[in-house]
1. Can you tell which of A:ILE144, A:ILE150, A:ILE130 is open to solvent by 70 Å² or more (accessible area, probe 1.4 Å) and among the β-branched types (Val, Ile, Thr)?
2. Can you name the condition, by its number, that A:ALA157 falls short on among (1) more than 18 Å from the chain's Cα centre (by Cα); (2) in contact (Cβ under 8 Å) with a residue 40 or more places away in the chain; (3) under 23 Å from B:LYS196 (Cα atoms)?
3. Restricting attention to the stretch A:158-207, which residues are of a type in the set (A, V, I, L, M), over 21 Å from B:GLU101 (Cα atoms) and part of a strand (DSSP E or B)?
4. Specify which of the listed residues (A:LEU40, A:LEU23, A:LEU15) is touching a helix residue (DSSP H, G or I) at 6+ places or on another chain (Cβ under 9 Å), more than 11 Å from every other protein chain (Cβ to nearest Cβ) and of a type outside the set (Phe, Trp, Tyr).
5. Considering only residues that are open to solvent by less than 20 Å² (accessible area, probe 1.4 Å) and facing another protein chain (nearest Cβ under 7 Å), which ones fall in the stretch B:153-193?
Protein chains: 2
Amino acid sequence: MEKKIPKPVVKRLGLYYRCLNRLYEEGIEFVASKDIAERLGIKSSQVRKDLSYFGEFGKRGVGYNTYELMNSLEKIIGVNKIWNVVVIGAGNIGSALVSYEGLKKEKFNIIGIFDADRSKVGKKIGKLQIKHISEIEEFFKKNIVEIAVIAVPENAAQLVVEKLEELGVKGLINFAPIKLRTKLPVEDVDITLSFKALSFKIERSLK
Amino acid sequence: MEKKIPKPVVKRLGLYYRCLNRLYEEGIEFVASKDIAERLGIKSSQVRKDLSYFGEFGKRGVGYNTYELMNSLEKIIGVNKIWNVVVIGAGNIGSALVSYEGLKKEKFNIIGIFDADRSKVGKKIGKLQIKHISEIEEFFKKNIVEIAVIAVPENAAQLVVEKLEELGVKGLINFAPIKLRTKLPVEDVDITLSFKALSFKIERSLK
DNA sequence: TAGATTGTTAATCGATTAACAATC
DNA sequence: TAGATTGTTAATCGATTAACAATC
């Protein structure tokens, strides 16, 4: 239990969770590591090994109870509760995130969006009104915010991060194309990198 | 040159390219692997090893010519030319992509967006008008399309993929939360997975 | 019981890193 | 020349996989 979890395992946890959700929706009561592996295009021993970092969830000869494993994964990942999220930057990416239903469905609840551009302030995106970045301290006094999304231009990102650290945010999703200097956990997202990787693969016809 | 490129290297190529662009903008003429590594938070020997898969780009005792390495990377990745892209699905994600400037800047040029919902057809996103999915064959006859973005609901994704394969697309960016069955190169993008990985890290305070 | 599938070990495979001769 | 930094090898580290005893 106190073992270090390999990075690739962390990435796969979300995939397992998603898969278990599907299986549950499909009304499948028990599932073997082999079935999960097949759906995900990986090896069954990898599924079992990955899960073994967190406990014993299966029954030999039977497999895993879909509902129970789904719930266990939910707790392991931490999506058994609602996370409060703010978005910094109301540009294309920030705005799109706010109206993205997928996030709320997964219990990531965007409760505020901020921008430095006063001409954007007051405008509504769905039910949320864009606030000026100077209002952020006030906002953090009134709300518990665990996660912040950095969706500001590259040159503003580091400053924003330092502010958010001060305010007590617990983790960051970073859309700015730079490496953030911070002690907080960060997940970097860069869609152009995916396009570039695809470009490379097409060129080499490597899959 | 005919060696197999490790997957992690493919992911880092885009980071190197981005870094070289910055260095070039900053007017830095020569750069050492140590400098690149520092900016990216990796080891200098990794930078050199990664580059060595594609040739010899540096001068011992001196480093790399920023401009030349940038250009070499451009060719290696395949972003030395414009890629034509269509987006399938004009929902939240598809629409956001079309108005996203970052893609065009990186030479990924979205030339069409399609949806199955007739009530959306004809609406404009930026300069692009949403077309009905039934018009896609016609569109492919008139245009060269290399990349397609799958931004349709999960249950429609596989069918769309088969259609696109038929039409001769060369690669896919997949936003649908399923594993696509295809022989084409695919890059999967799932933002909720990034949020889940962050959730896990916060819970374990593991970075 | 016989068949199935787990959890875990050990072997294999692959990626990262340190180290250094080559050389600018 | 002396100092710096490459490209590459070999050692290390980490992740995946096969295999199998345990057991439902």
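The values are calculated or read from the model by the stated rules, or taken from the named source; none is laboratory data. These figures come from a predicted structure and were not determined experimentally. Neighbour counts are summed over all protein chains in view; Cβ atoms, including those assigned to glycine, are modelled from backbone coordinates with ideal geometry. Areas reflect the complete protein model, heavy atoms only, side chains present, ligands, DNA and RNA absent. Shrake-Rupley method; radii C 1.70, N 1.55, O 1.52, S 1.80 Å.
1. None of the others qualify; the one that does is A:ILE144.
2. (2)
3. First, the residues of the stretch A:158-207 that are of a type in the set (A, V, I, L, M): A:159-161, A:164, A:167, A:169, A:172-173, A:176, A:178, A:180, A:184, A:186, A:189, A:191, A:193, A:197-198, A:202, A:206.
Next, from what is left, pick out any that are over 21 Å from B:GLU101 (Cα atoms): A:159-161, A:164, A:167, A:169, A:172, A:180, A:184, A:186, A:202, A:206.
Of everything in the stretch A:158-207, those that are of a type in the set (A, V, I, L, M), over 21 Å from B:GLU101 (Cα atoms) and part of a strand (DSSP E or B) turn out to be A:LEU172, A:VAL186.
4. A:LEU23
5. B:GLY171, B:ILE173, B:PRO185, B:VAL189, B:THR192
Rundown of residues vs (1) within 14 Å of DNA strand D (Cβ to nearest atom); (2) in contact with a helix residue (DSSP H, G or I) (Cβ under 9 Å, 6 or more places away or on another chain); (3) at the interface with chain B (Cβ under 10 Å from one of its Cβ atoms), yes/no style:
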site	(1), (2), (3)
A:LYS7	yes, no, yes
A:PHE30	yes, yes, no
A:SER33	yes, yes, no
A:PHE57	yes, yes, no
A:LEU97	no, yes, yes
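To keep it simple, each residue is scored yes or no on (1) at pLDDT 95 or above; (2) more than 23 Å from the chain's Cα centre (by Cα); (3) surrounded by fewer than 16 Cβ atoms within 10 Å (Cβ to Cβ); (4) under 30 Å from B:SER99 (Cα atoms).
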residue	(1), (2), (3), (4)
A:LEU13	yes, no, no, no
A:GLU25	yes, no, yes, no
A:ILE28	yes, yes, yes, no
A:ALA32	yes, yes, no, no
A:ILE36	yes, no, no, no
A:ASP50	yes, no, no, no
A:GLY61	yes, yes, yes, no
A:TYR64	yes, yes, no, no
A:VAL87	yes, no, no, yes
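Table: residues versus (1) touching a residue at least 40 places away in the same chain (Cβ under 8 Å); (2) more than 14 Å from DNA strand C (Cβ to nearest atom); (3) small (Gly, Ala, Ser).
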{"site": "B:ILE28", "(1), (2), (3)": "no, yes, no"}
{"site": "B:SER33", "(1), (2), (3)": "no, no, yes"}
{"site": "B:ALA37", "(1), (2), (3)": "no, no, yes"}
{"site": "B:ARG48", "(1), (2), (3)": "no, no, no"}
{"site": "B:LYS59", "(1), (2), (3)": "no, no, no"}
{"site": "B:GLU68", "(1), (2), (3)": "no, no, no"}
{"site": "B:LYS75", "(1), (2), (3)": "no, yes, no"}
{"site": "B:ILE82", "(1), (2), (3)": "no, yes, no"}
